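Have a look at the structure below before the remarks.
The values are calculated or read from the model by the stated rules, or taken from the named source; none is laboratory data. Remember, it's a predicted structure, so these values are computed and weren't measured experimentally. Virtual Cβ from ideal backbone geometry, glycine too; neighbours counted across all protein chains shown. Note: accessible area is taken over every heavy atom of the protein model, side chains too, but ligands, DNA and RNA are not part of it. Shrake-Rupley method; radii C 1.70, N 1.55, O 1.52, S 1.80 Å.
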Amino acid sequence: MESKTDVKIKAVRKPLRELYDWAESILIGLITVVVVLTFAIRGTRVDGASMLPTLEDSQFLAISNLYCTLNYNDIVVVYAKDIDLSIGGGGRPVIKRVIGLEGDRIGIDSQSGVVYRNGEALPIEIIGGIIYEDGHTIKELTRNRGDMYEDAEWVVPSNSIFVMGDNRNNSKDSRSEDVGMVNENYVIGKVLFRVTPFDKFGQVK
């Protein structure tokens, strides 16, 4: 038969045990968050105007390469290893949008400004003066530039992607030899959401 002292000890130990279990759960949760933020989610800052009107210079983004399955229209940070060689640099990260995946044929009609994927035009809508291509905004229709081939067609190699900036006529991307087709090993991460400015915090489309 238990003594009154044993009963009192058990009465004290029970809430202490519950408190310990509660604290342990919180600690495990905090450790998990720290690990995820350290290894799965990174921050990057927009540099330049090549993704206007979607992203503006100096905006801060959260990106991740965890389970990074790429799809059309994803916004990605890729390492362009040849982009600054002409000025003595050794490449740098750039932010672009995925237009083509492995095996795709990408063509551009510079007269109409229409982009083709596997022979089909990416749909264009103009609503309230805003241009939408395949469901996302672009600054202008896609025209030819002096450093790009006129009405060229590209076939995306295996394990690679074709990327373009939303500011189509002011973007160095897969149309340029400085960037070209991007091997998936050079994909740093996919943009998850915009952090700053805080009034625009949220998912980026």
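Would you mind finding the one in Glu125, Glu102 that is loosely packed, with under 14 Cβ neighbours inside 10 Å and either in a strand (DSSP E or B) or at pLDDT 95 or above (or both)? Before the answer, list the steps.
Details: Glu102 fails: loosely packed, with under 14 Cβ neighbours inside 10 Å.
Result: Glu125 is the single residue among Glu125, Glu102 that is loosely packed, with under 14 Cβ neighbours inside 10 Å and either in a strand (DSSP E or B) or at pLDDT 95 or above (or both).
Quick one: which residue in Lys81, Lys96 is at pLDDT 70 or above, closer than 18 Å to Asp173 by Cα and open to solvent by less than 30 Å² (accessible area, probe 1.4 Å)?
Values: Lys81 fails: open to solvent by less than 30 Å² (accessible area, probe 1.4 Å).
Of the residues listed, the single one that is at pLDDT 70 or above, closer than 18 Å to Asp173 by Cα and open to solvent by less than 30 Å² (accessible area, probe 1.4 Å) is Lys96.
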